[in-house]
1. In the range 417-469, which residue that is buried (at least 17 other Cβ atoms within 10 Å of the Cβ) and of a type in the set (S, T, N, Q) is farthest from GLN386 (Cα to Cα)?
2. Please state which of the following conditions GLY294 fails to meet, knowing it meets all the rest: (1) out of contact with any Asp or Glu (no Cβ under 9 Å at 6 or more places or on another chain); (2) open to solvent by 20 Å² or more (accessible area, probe 1.4 Å).
3. Select the strands (runs of 3 or more DSSP E) contained entirely in the range 147-229, then report the ones holding at least 2 residues which are more than 21 Å from ARG534 (Cα to Cα) and open to solvent by less than 50 Å² (accessible area, probe 1.4 Å).
4. Return the residues of the range 36-67 that are crowded, with 19+ Cβ neighbours inside 10 Å, in contact with an Asp or Glu (Cβ under 9 Å, 6 or more places away or on another chain) and under 23 Å from GLY504 (Cβ atoms); say none if nothing qualifies.
5. May I ask you to verify whether GLU222 is touching a Pro at 6+ places or on another chain (Cβ under 8 Å) and in contact (Cβ under 8 Å) with a residue 24 or more places away in the chain?
6. Considering only residues that are open to solvent by 60 Å² or more (accessible area, probe 1.4 Å) and without any contact (Cβ under 8 Å) to a residue 60 or more places away in the chain, which ones fall in the range 694-716?
7. Output the qualifying pairs, or none if there are none: Cβ atoms under 7 angstrom, residues six or more apart or on different chains, first residue in the range 106-117 and without any contact (Cβ under 8 Å) to a residue 60 or more places away in the chain and within 21 Å of THR147 (Cα to Cα), second residue open to solvent by 20 Å² or more (accessible area, probe 1.4 Å) and in a helix (DSSP H, G or I).
8. Tell me yes or no: at least one residue of the range 93-105 is out of contact with any helix residue (DSSP H, G or I) (no Cβ under 8 Å at 6 or more places or on another chain), open to solvent by 30 Å² or more (accessible area, probe 1.4 Å) and modelled with pLDDT of 90 or more.
Amino acid sequence: MILLTARMENLVMLKTFPKQDCDPEQSEPLTRYVKHPIIWNRSIEFRLYQKNIADSAQHKNMMVILPTALGKTVISLLVGADILYNYRDRRILIMAPTRPLVSQHMKSFSSVLKISEENIASITGKILPYARRAVWNRTDIRLVFATPEVVKNDLEEGRLNLKDFGLIVFDEAHRAIKEYAYTFIAKEYINQSSCPYILAMTASPGAERKRIQEVCNNLFIEHIEYRSEDDPDVKPYVNAINVKWEWLNLPEEFRYIVSILRSMLEERLKWLIRNGLLMKSIKWIFKKDLIELGEALRYKLELTMEEQRGLLYIAILNQSSALTLMYCLELIESQGSHSLKAFLDRINEDGNNTHTFLLKDPRMMEIKTLVDGIVKEHPKILHLLQLIKDHHHLSSMNNVSNSLNSNSKILVFTQYRDTAKHIVEVLEKNGIKTSRFVGQAKRIGDEGMKQNEQVAILESFRNGDFDVLVATSIAEEGLDIPEVDLVIFYEPISSEIRYIQRKGRAGRKSSGSVIILATKDTIDTRHLYSSKMRVEKMMNSLNNINTILKPLNRSFIPPNPMTSEELSIIENKKKRLEQRLLKRVESEIPCDGLSDIDIKNRLEQLGKNNRQTSLSVKADSLTNDFKRQVERVARRIHVELSKAGKKGLDIKTLFNHLGFEYTLLIEAIKKLEKLKRVEWLNEDTVVIVDSLKKFSGKEYSIAIGKIFQGIATVVVDGKWYARLNYYDYDGPRELLKKGTEFRVVGELYHEAEALCIRIKQIV
């Protein structure tokens with residue numbers, strides 16, 4: 001057992017507390033790790049391009065454009081570490097579009113940086129507003145991870161001010177267009193902070209120069225750092241990705257359905273062209289044109305009198321019918337009869353006027369009959385099945401001598417949930433372990449996946465519980481998808497952003513392959529060439545964009561670095577934790593024990609679980625503590641307002657008299673408002689609701705005398721002694737103290753020859 005303990009101690013020290021790194025030039029092996037005062041040694045592999053990009057972010061707002069798997073998160077860690085270390089009173093906000101991605105970032109930062117759990121918080125919409133305010137107001141919470149919608153809401157409601165934040169990270173920054181929350185947050189940050197720094201990260205900001213410029217303007221970007229896979233400083237870290245297009249022929253049964261749908265679509269488009277609503281040739285009218293036309297028609301409808309709307313209703317019917325038919329064409333050409341059938345069944349039940357009108361067309365009824373009778377699969381399904389079988393066979397042959405790598409993983413992307421479901425069914429029927437991975441949003445006939453279900457699926461995929469993950473767009477952006485050998489696009493996509501994100505899922509740690517399935521002479525052809533062209537266009541657009549970015553004026557803040565004593569406290573705390581974990585592993589392992597790698601894995605798992613639990617418990621305790629404070633302040637406010645009666649009290653008086661934090665005061669008043677105990681007389685004054693009601697009775701001055709069990713003696717108007725029974729008083733108990741004086745509306749009565757008073761209202 002002594003030998004086992006020593007072995008585990010060595011593993012713990014190697015994992016978390018290695019010897020101080022030497023100068024990279026003096027020790028070749030140690031050049032592989034980043035050295036920084038608040039980054040744990042040997043926790044981040046050193047890459048020169050990441051350091052150079054992070055250095056460029058000093059003193060300017062910067063957007064990092066880097067292919068997937070080349071370490072955008074590491075760059076944000078390096079920039080964040082400098083801010084945390086050099087400016088101990090500044091905070092950092094890291095934002096990502098989804099809760100799983102927020103959680104992923106928090107795990108990355110908390111595992112690498114020397115920062116205590118109590119100084120880290122995650123904020124999402126699941127946390128109540130008053131608890132979010134508590135987190136924002138805690139300046140000792142230096143790392144905050146949040147979804148942009150929540151940040152935007154809290155800024156609008158006055159729960160958040162960004163003046164103390166030294167850096168804001170905008171992950172998936174290509175979303176910062178039009179009305180997306182990133183745009184509003186960036187503007188507020190620039191207005192509220194005297195020294196704002198923004199770090200925006202994306203794999204692709206878009207193909208159009210206009211869109212790239214819009215993202216830069218909205219995030220106040222001053223400089224862009226862009227690397228492609230061919231740049232010399234990046235190339236050594238890029239794993240080869242073999243991209244292959246595979247063309248398939250559409251069966252005759254499908255082509256007949258396509259011909260019917262095209263004739264129906266052309267009728268609608270010709271009507272729209274004939275009436276001057278579309279100014280293009282039919283072959284150049286796409287989905288985007290119909291969507292924009294629909295928006296214009298609905299806007300015009302709102303401005304038109306009811307009796308003049310007839311032609312507009314017909315136009316909208318033709319526009320929406322054309323859009324639906326275009327969608328049906330895409331499904332039958334690119335996805336197959338199964339997806340088209342699922343869509344037609346769904347619109348048959350939704351009660352939409354356009355769908356009802358369309359389904360009554362005899363040609364659409366014929367299509368529905370044909371789709372119901374088709375037993376032949378789309379050729380993509382059969383080809384996909386063969387590709388996966390071939391890949392598994394090849395992988396097993398290559399890894400026959402290495403059982404550790406025998407589990408080859410495949411990621412299949414598809415646009416549609418119906419297709420994903422069908423692919424999973426087909427693969428499982430053929431003995432291939434498969435799982436579906438979709439977003440949280442609910443659809444008709446599809447409940448989506450909750451966040452905990454998504455996490456469980458990814459963990460199972462990582463552990464090799466199944467071989468193939470079939471995913472929709474949820475797996476394209478940001479999430480920590482396990483390493484895969486092969487990525488298959490079930491259909492091409494025209495978006496260069498999504499193309500780059502999908503492609504980047506292969507070759508993360510070793511060489512990989514991407515296969516794009518496309519049906520000849522269909523919409524697939526257009527999407528395939530469109531994405532290729534848009535990727536090339538994006539690269540050209542980025543070449544000169546830095547020349548038109550505007551610098552930002554900001555105040556200088558002198559550095560105030562963390563002390564060695566502060567860092568020692570964190571390091572010693574970590575050591576104590578490791579020793580506790582060491583004892584736990586020791587108690588689990590018999591004398592003949594596990595291998596070194598088993599022990600190390602167990603330690604890492606325990607450390608990860610402990611960190612997650614600590615963060616969760618800390619968040620819960622913070623929320624509960626703030627809730628208790630709000631309830632306590634609410635009781636005090638209720639007492640003071642009860643004393644004040646119908647005239648109420650202004651906020652300034654309450655603040656000065658009670659001495660509570662302004663945040664607590666406002667949240668307590670909101671709580672009382674919600675309970676309908678108080679209301680606002682004007683912009684500044686709050687009053688007890690009951691004091692505004694009219695009660696029958698006379699007004700008296702009351703002075704509290706002695707207090708007994710269930711009874712108090714009072715002096716009424718300074719003349720008469722009376723008894724106040726517990727059932728005659730419904731006001732705050734805090735007023736019933738000897739010597740307290742207040743005015744009331746009530747009535748006097750006699751009980752057993754004693755004068756009593758019944759208090760109806762405190763005025």
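1. The qualifying residue farthest from GLN386 (Cα to Cα) is GLN454.
2. (2)
3. Working: elements: 165-171, 198-202, 223-226.
Once the strands (runs of 3 or more DSSP E) in the range 147-229 are filtered for at least 2 residues that are more than 21 Å from ARG534 (Cα to Cα) and open to solvent by less than 50 Å² (accessible area, probe 1.4 Å), what remains is 165-171, 198-202.
4. Residues satisfying the conditions are ARG47, TYR49, ILE53, ALA54, ALA57, MET62, MET63, VAL64, ILE65, LEU66, PRO67.
5. Working: touching a Pro at 6+ places or on another chain (Cβ under 8 Å): yes; in contact (Cβ under 8 Å) with a residue 24 or more places away in the chain: yes.
The answer is yes for GLU222.
6. In the first step, residues of the range 694-716 are kept if they are open to solvent by 60 Å² or more (accessible area, probe 1.4 Å); the result is 694-696, 698-699, 706-709.
Once the filter is applied, which keeps residues that are open to solvent by 60 Å² or more (accessible area, probe 1.4 Å) and without any contact (Cβ under 8 Å) to a residue 60 or more places away in the chain, the range 694-716 yields LYS694, LYS698, LYS706, ILE707, PHE708, GLN709.
7. Sorted first by the residue in the range 106-117, then by its partner, the pairs are SER108/THR73.
8. Looking through the range 93-105, none of the residues is out of contact with any helix residue (DSSP H, G or I) (no Cβ under 8 Å at 6 or more places or on another chain), open to solvent by 30 Å² or more (accessible area, probe 1.4 Å) and modelled with pLDDT of 90 or more.
The values are calculated or read from the model by the stated rules, or taken from the named source; none is laboratory data. All figures in this text were calculated on a predicted structure; none of them were measured in a lab. Counting neighbours? That spans all protein chains shown, and the Cβs are built from the backbone with ideal geometry, glycine included. Just so you know, the surface numbers come from the protein's heavy atoms only, side chains and all, with ligands and any DNA or RNA stripped out. Shrake-Rupley method; radii C 1.70, N 1.55, O 1.52, S 1.80 Å.
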